[in-house]
Amino acid sequence: MARKSWPKGGETFGRPVISTLVKGYTCSFFLLTTAMRTRVLTGITTTGTPHLGNYVGAIRPAIAASTQSSVDAFFFLADYHALIKCEDPARVERSRLEIAATWLAAGLDPERVTFYRQSDVPEVPELCWVLTCVTAKGLMNRAHAYKAAVDQNLAAGQEPDDGVTMGLFSYPVLMAADILIFNAHQVPVGRDQIQHLEMARDIAQRFNHLYGGGTDIFTLPDVVIDDDVATLPGLDGRKMSKSYNNTIPLFEGGSRGLRDAVARIVTDSRGPGEPKDPEASHLFPVYRAFASPDETEGFAQALREGMSWGDAKRVLVERLEASVAPMRERYEALMADPAQIEDALQLGASKARQLAAPLMERVRAAVGLRSGALKATVAPARKREARRARFVSFRDTDGLFRFRLLSAEGDELLLSAGHADPKAAGLVIRQIQDSAGEGVQPVGDEAYAVVLDGVALASAGGFADAAARDEAMARVREALAGLAED
Ligand code: TRP
């Protein structure tokens with residue numbers, strides 16, 4: 001499996017975005033020369049509040065990459081995934097909002113990027129089920145997250161599956177659906193997710209093999225590991241992580257929250273005037289992540305020359321504030337007006353569904369679940385009204401085959417004459433559909449019929465007067481005109 005780096009973007013934020021190749025080869029030439037843009041997709045599980053480490057390790061490089069012309073970026077809030085880890089509805093809701101606001105405040109352009117909530121794309125769970133049906137249980141047994149839960153239980157003398165939900169167990173299938181529904185080429189993730197990408201490829205391959213009939217329905221995604229920018233030390237010097245409780249907040253608590261956290265960064269006991277080794281301090285990597293090379297060198301030099309930890313922290317806070325304050329202002333404006341956030345996400349959902357719906361249609365057709373109904377749900381608003389009218393066939397009590405034309409609301413607009421076999425009834429449906437409403441004509445004051453080539457094919461009646469009849473005729477004409485457009 002070829003693993004590629006983020007498409008190279010040159011200098012960003014004062015230092016190059018360098019990526020480590022896990023295995024495989026660099027493909028920047030491929031990316032620059034190919035006409036097709038690389039679809040890069042990643043998900044953010046909505047259980048927490050973003051901290052400085054998330055910003056430097058994930059948000060900033062992802063947004064930087066999304067501005068390149070070779071990249072077609074898809075970023076989404078993995079809120080169905082959040083349910084696996086978190087049973088607190090208020091926290092999930094809050095986290096969705098905070099994470100969306102953070103990405104927007106950090107410069108994500110929702111016009112350019114497809115930025116959406118997973119739960120706004122019903123094709124994702126739908127595909128998830130279809131994929132579940134081709135995924136070997138044995139493959140899921142091997143998933144690290146599940147195995148870790150089992151190991152923990154065994155170590156504690158519990159039943160192996162104690163507390164393990166089906167959500168946790170089959171989580172890699174949902175992740176595969178997230179990726180495959182958009183035929184993403186590249187998926188930037190943390191190292192802990194590499195196995196999930198391998199599983200997504202396995203599942204895609206199996207589906208293609210079973211149902212592709214020679215053409216591949218799913219693209220096999222490549223994992224992208226971006227090690228270089230990935231980790232900031234936390235307050236205690238270990239990797240900054242919510243689970244270590246050592247984070248520096250990004251926006252939470254305002255400038256005061258930032259200052260207070262920096263004040264708690266652990267330093268050694270060297271006093272003012274004593275030379276300090278920048279590389280050994282937890283302050284320095286945080287500073288470097290926000291500074292130009294020149295500024296970074298200046299900071300290192302000052303430490304070597306004995307700058308006090310107190311002064312170093314002040315310089316660090318100033319440097320952080322210069323980058324964070326303008327974003328924080330946008331963040332606070334967004335949080336004060338969540339409708340703006342919602343608009344951005346709805347735009348994203350509609351862009352996402354433009355792609356997801358046709359792919360899901362192909363999947364349904366491939367497995368034998370062809371449907372027409374789905375199409376209507378993503379049709380443009382103007383056509384939607386007309387499109388939702390539909391023909392419904394049935395076998396009547398007299399043994400003959402008839403059909404109704406139902407309006408979008410389910411009202412009967414037409415009832416057909418009886419036919420000896422369903423095929424004949426089907427042909428008449430076609431004929432009426434193609435007529436675009438032309439043959440609709442009154443029959444007395446209380447009824448109308450569709451008459452084509454002199455034959456009454458279907459009718460409706462029981463109207464109180466000619467006016468009511470005319471109104472109904474207008475509706476049926478509109479419905480048929482809409483259907484004929486398809
Ligand atoms: N599981 C990922 C994580 O914990 C989040 C995620 C969900 C994701 N679906 C995805 C990442 C699809 C990439 C692609 O980090």
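The values are calculated or read from the model by the stated rules, or taken from the named source; none is laboratory data. Keep in mind that what you see is a predicted model, and the values were worked out from it rather than measured. When we count neighbours, we look across all protein chains shown, and the Cβ atoms used for this are built from the backbone with ideal geometry, even at glycine.
Checking C86 against (1) modelled with pLDDT of 95 or more; (2) hydrophobic (A, V, I, L, M, F, W, C); (3) within 14 Å of the ligand (Cβ to nearest atom), only one condition comes out false. Which one?
(1)
Would a scan of region 430-442 turn up a residue that is surrounded by 15 or more Cβ atoms within 10 Å (Cβ to Cβ), over 13 Å from L480 (Cα atoms) and assigned by TED's automatic domain parsing to the domain that holds E471?
Among the residues of region 430-442, not one is surrounded by 15 or more Cβ atoms within 10 Å (Cβ to Cβ), over 13 Å from L480 (Cα atoms) and assigned by TED's automatic domain parsing to the domain that holds E471, which makes the answer no.
Just wondering, is there one or more residues in region 169-186 that are more than 30 Å from G53 (Cα to Cα), at pLDDT 95 or above, of a type in the set (D, E) and in the same structural domain as I84 (by TED's automatic domain parsing)?
no
Can we say T215 is among the hydroxyl-bearing types (S, T, Y), assigned by TED's automatic domain parsing to the domain that holds W129 and over 21 Å from V124 (Cβ atoms)?
The answer is yes for T215.
So is A100 buried (at least 19 other Cβ atoms within 10 Å of the Cβ) and outside the structural domain of P50 (by TED's automatic domain parsing) or not?
So A100 fails the test.
Suppose we filter L316, L303, L320, L347 for residues that are under 24 Å from the mean Cα position of the chain (by Cα) and assigned to a helix (DSSP H, G or I); which single one remains?
L347
Would you be able to tell me the number of residues in region 458-474 that are at negative phi, surrounded by fewer than 19 Cβ atoms within 10 Å (Cβ to Cβ) and either charged (D, E, K, R) or more than 47 Å from the chain's Cα centre (by Cα) (or both)?
8
Scan S69, S95 and give me the residue that is away from the ligand (no atom under 11 Å from the Cβ), surrounded by fewer than 22 Cβ atoms within 10 Å (Cβ to Cβ) and touching a residue at least 24 places away in the same chain (Cβ under 8 Å).
Checking each option against the conditions leaves just S69.
Here is a yes/no grid of residues against (1) free of Cβ contacts under 8 Å to residues at least 60 places away in the same chain; (2) in the same structural domain as P61 (by TED's automatic domain parsing); (3) within 26 Å of the chain's Cα centre (by Cα); (4) at positive phi:
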| residue | (1), (2), (3), (4) |
| --- | --- |
| P272 | yes, no, no, no |
| F284 | yes, no, no, no |
| A291 | no, no, no, no |
| D294 | yes, no, no, no |
| G298 | yes, no, no, no |
| L355 | no, yes, yes, no |
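Tally the residues that are among the charged types (D, E, K, R) and in a loop (DSSP other than H, G, I, E, B), restricting the search to region 250-280.
7
How about region 192-207: which of its residues are within 11 Å of the ligand (Cβ to nearest atom) and under 10 Å from M175 (Cβ atoms)?
Q193, H196, L197, A200
With respect to the numbered conditions (1) at pLDDT below 95; (2) within 17 Å of the chain's Cα centre (by Cα), which one is the sole condition not fulfilled by D216?
Among (1) at pLDDT below 95; (2) within 17 Å of the chain's Cα centre (by Cα), the lone unmet condition for D216 is (2).
Quick check on my filter: what residues within region 57-100 are among the polar types (S, T, N, Q) and part of a helix (DSSP H, G or I)?
Passing the criteria: S66, S95.
For M240, work out the one condition from (1) within 15 Å of the ligand (Cβ to nearest atom); (2) buried (at least 22 other Cβ atoms within 10 Å of the Cβ); (3) not assigned by TED's automatic domain parsing to the domain that holds I59 it doesn't fulfil.
For M240, the failing item is (1).
Please go through region 208-235 and give me each residue that is within 11 Å of the ligand (Cβ to nearest atom) and in contact with a Ser or Thr (Cβ under 7 Å, 6 or more places away or on another chain), ordered by number.
Once the filter is applied, which keeps residues that are within 11 Å of the ligand (Cβ to nearest atom) and in contact with a Ser or Thr (Cβ under 7 Å, 6 or more places away or on another chain), region 208-235 yields only V224.
Tell me, please, whether a residue that is of a type in the set (A, V, I, L, M), at pLDDT 95 or above, surrounded by 16 or more Cβ atoms within 10 Å (Cβ to Cβ) and within 14 Å of the ligand (Cβ to nearest atom) can be found in region 117-125.
yes
How do the helices (runs of 4 or more DSSP H) wholly within region 151-224 filter down when requiring 2 or more residues that are of a type in the set (S, T, N, Q) and either in contact (Cβ under 8 Å) with a residue 60 or more places away in the chain or surrounded by fewer than 17 Cβ atoms within 10 Å (Cβ to Cβ) (or both): which remain?
So the answer is 194-211.
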